[in-house]
Amino acid sequence: MIRVGMISAAHVHAPSYAHCLSQTQDGTFEGVFDDDRQRADEFTRKWGGRVFEDPQSLLASVDAVVVCSPNMGHADAIELAARAGKPILCEKPLAPTKEHAERVRATLAESGVLLMTAFPCPFSPAFARLQERVRAGEIGKLLAVNATNRGRCPFGWFVELEQSGGGAMIDHVVHVTDLLRRLTNEEPIWVTAQTGHNMYGKEWDDTAHLTIDFPSGVFATLDSSWSRPQNYRTWGDVTLKVLGEKGVIEIDLFDQGVSVLTDAYRHNGTGSNLDSLMVAEFLSAVGESREPCVTAEDGLRASAVAVAGYESARTGQSVPVG
């Protein structure tokens, strides 16, 4: 049984991870350290575990950690866990700046600790089937992808730039970039991006659009915006329209469910719990001392596209992915 602790419960996905850990036979949720004691108390009252007074006491009591801090705290939390030799599942974006990416790479090189990026989308059966069909040549040579990762603005620290490192683009680009890398089996080389403040008119970007180029000539367009209303039918909105020489395949990763119409619209999800599949892979990798199927490098390369996107939006030019 793998004992798992959480460093910060700030992220909106933290409750899902605690719930997944409570439902598995391979791990237990031991509790959380959070620099916001009230948040930690409220979290453990609802999701179990105990509140640790400091990160060192948590790390001494667990076998692995989940990092759910604000984005700009990821590098610090990774360094703490790595020094203690604890495997890590870290929320995305793994590194919201180039400097943070360098710190994470240096930490991993020195410690050799296992780090998995919290990307649930690769565990989607719909995406797995898409990969199979593309690789089997059903639509011929891959030409382009039209993708979205739109959603609702989470507000809170997500719109406080000193904690988030950016707005909608840093939050949403990374998921689809990871899927594109897996689908094309190539690394992005150029990014052309625009950001806007079209929904809320604040300093943080709430809308973003990118064109991502690959070495083979395949390109993808991505709408990465907080543009869905609060009553939108699904929480997430990851879609891929994949164009080939012989046909088109379209998938919607979060549209498995049943529409419930009463006084208000509600969408009851069905099918696979992607977070549960992701947590299971993390526990399996820890237990078997192997690399997970979603790696730290996957997270760093996806983060680099979002970082390049901000540079492109700032300069008005296409930017190489660093």
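Bear in mind these aren't lab numbers, they're just calculated from the coordinates by the rules spelled out. All values derive from a computational prediction rather than experimental measurement. Note that we place each Cβ from the backbone using ideal geometry, even for glycine, and neighbour counts take in every protein chain shown.
Worth a mention:
- Based on C-alpha pairs under 8 angstrom that are at least 6 apart in sequence, the range 2-120 has a relative contact order of 25 percent.
- Computed from Cα atoms, the angle from the helix 125-135 axis to the main principal axis of the chain rounds to 40 degrees.
- Nearest-ten-degree value, helix 274-288 long axis tilted from longest Cα axis of the chain: 60
- Restricting the GluC sites (Glu not before Pro) of the range 1-107 to loop positions (DSSP other than H, G, I, E, B) with no more than 12 neighbouring Cβ atoms within 10 Å leaves GLU53.
- Listed from fewest to most Cβ neighbours within 10 Å, the set SER57, SER289 follows the order SER289, SER57.
- When only the Cβ of Lys, Arg, Asp and Glu is charged (+1, +1, -1, -1), the dipole of the chain relative to its Cα centre reaches about 620 debye.
- On Cα atoms only, tilt of 74-83 relative to the major axis of the chain in degrees: 50
- Count Lys and Arg as plus one, Asp and Glu as minus one, and take only other residues whose Cβ is under 13 Å from that of GLY137; the net charge is then +1.
- Exposure proxy order (Cβ contacts within 10 Å, fewest to most) of ASP171, ASP26: ASP26, ASP171
- Cα gyration tensor, the range 2-120 - rounded (a/c under 1.5), prolate or oblate: prolate
- The aspartates and glutamates whose alpha-carbon is closer than 13 Å to the alpha-carbon of LYS202, local same-chain residues fewer than 8 away aside, are GLU160.
- Value of relative contact order over the chain, rounded to a whole percent, pairs C-alpha under 8 Å and six or more apart: 20
- Simple rule: put +1 on each Lys or Arg Cβ and -1 on each Asp or Glu Cβ in the chain, find the dipole, and look at SER284, LEU89, THR239; the Cα lying farthest toward the positive end is THR239.
- Ranking of HIS19, HIS197, HIS172 by count of other Cβ atoms within 10 Å, fewest first: HIS197, HIS19, HIS172
- Of all lysines in the structure, those lying under 28 Å Cα to Cα from LYS46, and not within fewer than 8 positions of it along the same chain, are LYS86, LYS92.
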